[in-house]
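The values are calculated or read from the model by the stated rules, or taken from the named source; none is laboratory data. Please read all numbers here as calculations on a predicted model, not as lab measurements. Reconstructed Cβ throughout: ideal geometry from the backbone, glycine too, with neighbour counts over all protein chains shown.
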Amino acid sequence: MSDAAHGNISGKRLVIFGCGYVGGELALAGVSRGLQVTALTRNESTADALRAAGATVVVADLATENWHRKIDAGADFVVNCVSSGGDGLAGYRRSYVEGMESVLRWARTAGAAGTLVYSSSTSVYPQDDGARVDEDAPTAAAPERGQILLEAEARLHASDGACGRWFVLRLAGIYGPGRHRLLDQVRAGVIDGRGEHRLNLIYRNDICSAIWSVLNAPTTIASGIFNVADDGAARKSEIADWLAARLGLPPPRFTGDRTSVSRTTVPDRVVASDKIKAVLGWRPACPTFREGYEKILSR
């Protein structure tokens, strides 16, 4: 389904909080689609690039209220895709929970948004051992970072008066141009962790298309949660071996740990995104890691 399948959104107002890897790309796409884009970022270099592209930019920390009077509320669309500012769990909470609270206070007091979208993560799911995970999977046993994301989601769920409707997109592992650590490790010949667990991935442009899908959703579609993952959950060793063969390199060696660089246990599961496909007709342009990494390697 095309981005504009549910009608023309040119001329409408889009406010994006957190213009990093995903939000920055979304802002550029919004300008190209004729929207009035306002972007909030912490990064001055990002701000300069977005201004040059035609966006209105505010440089501020989302968790503060310093930006509240600088961005007009009442926007047609608001997307909160802020990322962690570092500083461990405290930084995680500041970015996600306090950031969400700031967005909701702004919207309640200055003017409600039409549709508000929050990019969460599939890390809210604690399931392992090859389990298939959909939006109804229990999250009570989520790890600490997942619990923080769930708290931010809950604040949005209870956001009376802040928006006409809301959507949470729980994103699988993000990769794309300039963000391909596994590919870099394959080139180096050594990969962190073990190879038997499955990776659930989503290419950056497919995240943007999922966001456009919910922003364009008919008014009959109610608020809700959608998983956003490609169709090709594959074992890490399969992806690494494919990349090595594609590059003409020998298969890489795995270190054997089962923890990621953030020292959290890496789960083995399959994240299902059937719901967003059934409800909105969204499909990833890169349905498996092969299509996504081919895009990266061909650049």
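Observations
- Output for the stretch 275-288, where each listed residue is surrounded by 14 or more Cβ atoms within 10 Å (Cβ to Cβ), of a type outside the set (A, V, I, L, M, F, W, C) and more than 23 Å from P177 (Cβ to Cβ): K275, K277
- Per the listing R170, R145, R194, R132, the residue uniquely touching a residue at least 40 places away in the same chain (Cβ under 8 Å), crowded, with 21+ Cβ neighbours inside 10 Å and of a type in the set (K, R) is R170.
- Residue match in the stretch 82-93 (condition: buried (at least 20 other Cβ atoms within 10 Å of the Cβ), of a type outside the set (S, T, Y) and within 16 Å of the chain's Cα centre (by Cα)): yes
- Evaluated against (1) in contact with a helix residue (DSSP H, G or I) (Cβ under 6 Å, 6 or more places away or on another chain); (2) surrounded by fewer than 23 Cβ atoms within 10 Å (Cβ to Cβ); (3) farther than 23 Å from R165 by Cα, A55 falls short on exactly one condition, (2).
- Residue list for the stretch 75-113, filter: outside any helix (DSSP H, G or I), touching a residue at least 40 places away in the same chain (Cβ under 8 Å) and either of a type in the set (V, I, T) or touching a helix residue (DSSP H, G or I) at 6+ places or on another chain (Cβ under 9 Å) (or both): A75, D76, F77, V78, V79, N80, C81, V82, S83, G85, A113
- Options A217, A210, A240, A244: the member that is assigned to a loop (DSSP other than H, G, I, E, B), touching a residue at least 24 places away in the same chain (Cβ under 8 Å) and not charged (D, E, K, R): A217
- Top-ranked residue in the stretch 148-167 [being in contact (Cβ under 8 Å) with a residue 12 or more places away in the chain and small (G, A, S); ranked as nearest to A217 (Cα to Cα)]: G164
- Scan of the stretch 170-190 for residues that are of a type in the set (K, R) and touching a helix residue (DSSP H, G or I) at 6+ places or on another chain (Cβ under 8 Å), ordered by number: R170, R179, R187
- Against the test of being farther than 19 Å from S213 by Cβ and in a helix (DSSP H, G or I), the options R69, R51 yield a single qualifying residue, R51.
- Only one entry in R263, R258, R235 is modelled with pLDDT under 95 and touching a Lys or Arg at 6+ places or on another chain (Cβ under 6 Å), namely R258.
- Scanning the stretch 19-34 for residues that are outside any helix (DSSP H, G or I) and either surrounded by fewer than 24 Cβ atoms within 10 Å (Cβ to Cβ) or without any contact (Cβ under 8 Å) to a residue 12 or more places away in the chain (or both) yields G20, R33, G34.
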